[in-house]
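Just below is one structure, and these are the notes that go with it.
The values are calculated or read from the model by the stated rules, or taken from the named source; none is laboratory data. These numbers were taken from a predicted model, which means no experiment stands behind them. Reconstructed Cβ throughout: ideal geometry from the backbone, glycine too, with neighbour counts over all protein chains shown. Keep in mind that these areas ignore ligands, DNA and RNA; they rest on the heavy atoms of the full protein, side chains included. Shrake-Rupley method; radii C 1.70, N 1.55, O 1.52, S 1.80 Å.
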Amino acid sequence: MSLGDAERQAAQARVQLRALAHPMRLRILSLLTGAEMTAAEVSRELAMTHANASYHLRHLHAADIIEVAGEERIHGGIAKRYRYDLERDLARPDVPPPADAKPTRDHRLIYAALASELQRRGMLMRRRITNHLTDAELWVDPEQWAQIRNRISDASDALHRAAKPPRSPGTIRVNATIALFEMEPGR
């Protein structure tokens with residue numbers, strides 16, 4: 001990979017972080033994990049205006065996070081169907097950051113968006129014995145950390161692959177918010 005390629009990939013990663021740093025776009029991305037949807041369908045499912053749904057879909061598409069899955073004629077116009085392709089994202093090579101890389105403003109924005117979205121979802125929680133919550137700030141062996149991180153990543157991928165269209169018969173609505181990262185040793 002040339003330096004130019006690395007710089008382009010880093011710039012694209014920044015664009016994607018910015019696009020994801022909005023709670024509504026995280027909700028839309030979740031919907032598009034299980035189904036191809038038009039802006040009208042997204043707007044109905046999320047109780048938002050069609051214009052607002054289109055705006056957010058355009059941002060996600062411009063950042064190359066979602067793709068156009070097809071087009072269809074609706075009421076004399078053409079509606080695009082969008083989807084999030086997990087397999088495509090899994091096949092993309094990661095650009096490892098430098099060892100001394102610090103979180104950027106964009107990284108902080110996406111965590112703020114995740115926190116906001118988790119608060120909204122928490123209001124919709126059903127209390128069940130099968131619910132699970134882990135919140136931990138721990139010191140662990142690096143090899144064990146890598147093994148656990150890989151298992152959780154595999155489980156997250158499996159959950160995304162299991163996603164179905166909203167309100168499909170025989171499905172339940174669930175939340176999965178996972179943030180795994182190494183922390184600075186100080187503070």
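Things to note:
- Other residues lying with their Cβ under 13 Å from the Cβ of MET48 contribute a combined charge of +1, Lys and Arg counting +1, Asp and Glu -1.
- In this structure the amide hydrogen of ILE66, modeled in the peptide plane, comes within under 5 Å of the amide hydrogens of HIS61, none closer than 5 places in sequence on its chain.
- Percent of Cα pairs exceeding the 29 Å cut-off, where the set is the chain: 30 percent
- Per residue solvent-accessible surface (Å²) - the chain, probe of 1.4 Å: 74 Å²
- Near ARG173: Cβ cut-off under 10 Å, other residues only, Lys/Arg at +1 and Asp/Glu at -1. The net charge is +3.
- Protein accessible area in segment 40-187, 1.4 Å probe - carbon and sulfur %: 55 percent
- Placing +1 on the Cβ of every Lys and Arg and -1 on the Cβ of every Asp and Glu, with no other charges, gives segment 140-187 a dipole of roughly 500 debye about its Cα centre.
- Among MET37, LEU17, ILE74 the positive-end extreme of the charge dipole of segment 3-92 (Cβ point charges): LEU17
- Fully extending the segment from HIS75 to ALA11 would add 19.2 nm, taking 0.36 nm per residue of separation and subtracting the current Cα-Cα distance.
- Magnitude of the charge dipole, the chain, Cβ model with Lys/Arg +1 and Asp/Glu -1, debye to 20: 980 debye
- If you take all other residues with their beta carbon under 13 Å from the beta carbon of ARG105, and give Lys and Arg +1 and Asp and Glu -1, the sum is +3.
- Think of it as helices only: each DSSP H run of n ≥ 4 in the chain is worth -39500 (n - 2.57), and spread over all residues that comes to -16500 deg cm²/dmol at 222 nm.
- Derived scalar couplings between HN and Hα for segment 131-141 equal 5, 9, 9, 10, 9, 8, 10, 10, 10, 9, 5 Hz in order, rounded to whole Hz, by the Karplus curve 6.51 cos²θ - 1.76 cosθ + 1.60 (θ = phi - 60°), x for Gly and Pro.
- Distances between placed amide hydrogens fall under 5 Å for TYR82 paired with MET37, THR38, ALA69, all partners being 5 or more residues away or on another chain.
- Distance in nm between pseudo-label sites at LYS102 and TYR55 (7 Å out along the Cβ direction from Cα): 3.3 nm
- Computed with the Debye formula from one identical point scatterer per Cα of segment 106-187, without solvent, the log10 of I(q)/I(0) at q = 0.17, 0.18, 0.27 Å⁻¹ comes to -0.98, -1.09, -1.45.
- Ordering of 57-69, 169-181, 40-52 by burial proxy (mean other Cβ atoms within 10 Å per residue, highest first): 57-69, 40-52, 169-181
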